[in-house]
1. Working out 0.36 nm times the residue gap between D350 and T59, then minus their Cα-Cα distance, what length gain in nm do you get to one decimal?
2. Skip the ligands, DNA and RNA, and give the accessible area per residue of the chain with a 1.4 Å probe, whole Å².
3. Run through every distinct alpha carbon pair of segment 223-364 and return the Kirkwood hydrodynamic radius in angstroms, one decimal place.
4. Are there any trypsin sites (Lys or Arg not before Pro) in segment 81-135 that are in a DSSP loop and have at most 14 other Cβ atoms within 10 Å? List them by number.
5. Obtain the nm distance between the two label points defined at S394 and S75 by a simple spin-label model: each point lies 7 Å from its Cα along the Cα-to-C-beta direction.
6. Give a quick list of chymotrypsin sites (Phe, Trp or Tyr not before Pro) in segment 86-180 that DSSP marks as loop, anything other than H, G, I, E or B, with at most 14 other Cβ atoms within 10 Å.
7. Give me a comma-separated list of calculated 3J(HN,Hα) values for segment 236-244, in order, Karplus coefficients 6.51, -1.76, 1.60 applied at θ = phi - 60°, integers in Hz, x for any Gly or Pro.
8. Quick one: grab Rg to one decimal and Dmax as a whole number for segment 64-143, Cα atoms only, in Å.
Amino acid sequence: LIMSLAMWKWTCLVSHLLLSTTVSPLGRQQPLHPKRPFITFTGEQAEGNFNHLVVDERTGHIYLGAVNRIYKLSSDLKVLVTHETGPDDDNPKCYPPRIVQTCNEPLTPTNNINKMLLIDYKENRLIACGSLYQGICKLLRLDDLFKLGEPFHKKEHYLSGVNESGSVFGVIVSYSNTDDKLFIATAVDGKPEYFPTISSRKLTKNSEADGMFAYVFHDEFVASMIKIPSDTFTIIPDFDIYYIYGFSSGNFVYFLTLQPEMISPPGSTTKEQVYTSKLVRLCKEDTAFNSYVEVPIGCEKNGVEYRLLQAAYLSKAGAILARSLDVGPEDDILFTVFSKGQKRKMKSLDESALCIFVLKNINDRIKDRLQSCYRGEGTLDLAWLKVKDIPCSSALLTIDDNFCGLDMNAPLGVSSMVRGLPIFTEDGDRMTSVIAYVYKNHSLAFVGTKSGKLKK
């Protein structure tokens with residue numbers, strides 16, 4: 001973990017990069033200024049990789065999620081507090097977890113891989129979710145990492161059985177006069193009966209409250225969740241939805257995903273598996289998840305398709321970029337990194353592109369799709385969720401920009417891809433992370449690469 005003192009605020013999401021070169025406007029690599037100070041923090045060797053990093057925007061303190069550790073660092077990377085999260089006796093085959101139901105599998109000392117790290121500013125606490133016990137979360141006080149709570153007595157307290165550090169993404173929706181919500185999106189690793197792929201949870205003021213992480217709404221027929229049907233795994237045995245990024249904007253929560261699907265190549269009678277990048281949108285106030293819509297996203301330049309999403313970041317347009325895009329300076333812009341093609345998820349090609357999307361344009365495409373479906377045109381176009389095509393039903397109603405769905409025509413998919421605007425491509429050193437901000441009316445992006453370079 002290496003950072004420049006002057007740039008830590010903007011490079012916090014590329015924490016695994018070695019900042020060894022910069023790129024000049026002509027594309028030539030230049031050595032860093034020899035007097036520029038860089039500060040390094042190294043964890044204990046036995047811990048393995050760092051997993052996640054968040055920065056307190058009020059204090060500049062850095063919270064670092066590692067294997068078996070949570071660190072609180074000062075802005076110059078001095079260790080302030082360390083909190084141990086593992087190892088502990090566990091077995092990944094215990095479904096449901098043994099605290100809910102007795103497990104006959106042998107227990108062995110198991111590392112706790114940090115899978116999600118979020119700052120809950122309203123309650124001054126850190127939400128740290130790990131891989132132990134099918135993914136339970138601790139709530140730690142920001143000041144000293146004291147454990148305020150660790151819910152584990154109900155099935156909904158277990159968020160994901162996947163042990164990869166990038167398998168869970170969370171978005172907090174905050175309210176002034178009531179408890180906040182936590183939207184959780186996760187890979188399910190073939191266990192849809194235990195884990196919803198997206199759900200909204202209660203984030204109670206009391207960290208030890210019985211309702212912490214309970215579904216916002218849950219009855220016999222409807223709940224604040226989306227589950228992948230078991231039938232889907234019959235068609236695509238290794239099906240899962242991988243969540244790359246998430247954010248909230250306006251009345252909606254968004255997740256950017258990568259997911260497999262079966263397609264028929266042109267001129268072929270057989271289907272092959274590819275990966276498609278999709279944006280998922282939900283209304284913040286939709287307790288029944290009737291507003292679920294997903295739309296394919298991708299990028300193309302000079303006839304080359306970039307379809308495998310690697311990273312994303314939400315920023316503002318800024319005055320200069322806004323003029324060229326014909327939007328307002330405060331309009332939301334998605335900076336995205338895609339690698340070439342669709343076929344390799346785990347071994348992406350080195351060719352990659354940095355592309356931008358105007359969020360309003362994506363929302364307009366979603367509104368058009370909602371309007372056509374509620375006119376009874378086409379099908380729901382979400383094969384993985386319904387397995388078979390279901391026709392759209394006609395209904396006489398007005399669908400505006402903030403329409404949140406009914407218990408019909410949902411969940412819904414958009415069939416045509418929304419294409420981003422490619423602004424930079426890299427053929428040899430795949431881009432793997434991105435962060436952006438507005439400085440003096442200019443929109444700037446930092447991109448991290450596979451080999452550990454940082455490009456501004």
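The values are calculated or read from the model by the stated rules, or taken from the named source; none is laboratory data. The model shown is predicted, which means the values in this text are computed figures rather than measured ones. Using ideal geometry, Cβ is built from the backbone for each residue, glycine included, and neighbour counts are taken over all protein chains shown. All accessible areas refer to the heavy atoms of the entire protein, side chains included, with ligands and DNA or RNA removed. Shrake-Rupley method; radii C 1.70, N 1.55, O 1.52, S 1.80 Å.
1. Gain in length upon complete extension: 101.0 nm.
2. Details: 21020 Å² over 456 residues.
That works out to 46 Å² for each residue.
3. Numbers: mean 1/r = 0.0600 Å⁻¹.
Computed over Cα pairs of segment 223-364, the Kirkwood hydrodynamic radius comes out at 16.7 Å.
4. Values: sites: K93, R98, K115, K122, R125; in loops: K93, R98, K122.
Sites meeting the loop and neighbour criteria: K93, K122.
5. 6.2 nm
6. On the way: sites: Y121, Y133, F146, F152, Y158, F169, Y175; in loops: Y121, F146, F152, Y158, Y175.
Those satisfying the criteria are Y121, F146, Y175.
7. Along segment 236-244, the couplings run 10, x, 9, 4, 6, 10, 9, 9, 8 Hz.
8. Here Rg and the maximum Cα pair distance are 14.4, 47 Å.
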